[in-house]
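Heads up, the thing below is written out as structure tokens.
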Amino acid sequence: MELVLETLELDPAIERLCRDVLATSSGYREAAARLGITQGALARYVERFGLSWTPTRVEPPAVTPEHALVLDVQTVAELERALCIRALARAGEVADAAELLGLSEHALRRRIIVHRINPELLPDLPGAPSQP
């Protein structure tokens, strides 16, 4: 599923992914499976973001803004990993990347471990600071 995001903040990205998957799924069980999370975790996201299950077709934006971030992700884990890598590459420091993501530094460090991200091997992204 292709997501078009305005920022690197994690919560709005997860909300958008959950909303899109719920809209194109036949029910919570299918949506949770597609997101790679439990039904309980999906229920917490639904409550947290005020989402509902409404099976409708989700149309992509007609025009992608020039500054938008376009990611092709299927699960919440893939989304978290991709956003963490982008934020780390753009910011250069964990504290600055955490701020971009709207997370605490400790929360980002946990995600670096969980998603097995090696900050030494980050891709070169446009706008990222140069590595010494």
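No lab work stands behind these numbers, since they all come straight from the coordinates. Everything quoted here is computed from the prediction, not taken from an experiment. With ideal geometry, Cβ positions are generated from the backbone for all residues, glycine too; neighbour counts draw on all protein chains shown.
Specify the residue that is nearest to Leu103 (Cα to Cα); the eligible residues are those in segment 19-36 that are in contact (Cβ under 8 Å) with a residue 40 or more places away in the chain and not small (Gly, Ala, Ser). Show your work before the answer.
We begin by selecting, within segment 19-36, every residue in contact (Cβ under 8 Å) with a residue 40 or more places away in the chain; these are 34-36.
So of that shortlist, the ones also not small (Gly, Ala, Ser) come out as 34-35.
Details: Arg34: 25, Leu35: 21 Å.
My answer is Leu35.
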Take segment 5-47 and flag every residue that is more than 30 Å from Val94 (Cα to Cα) and among the acidic types (Asp, Glu). Glu30
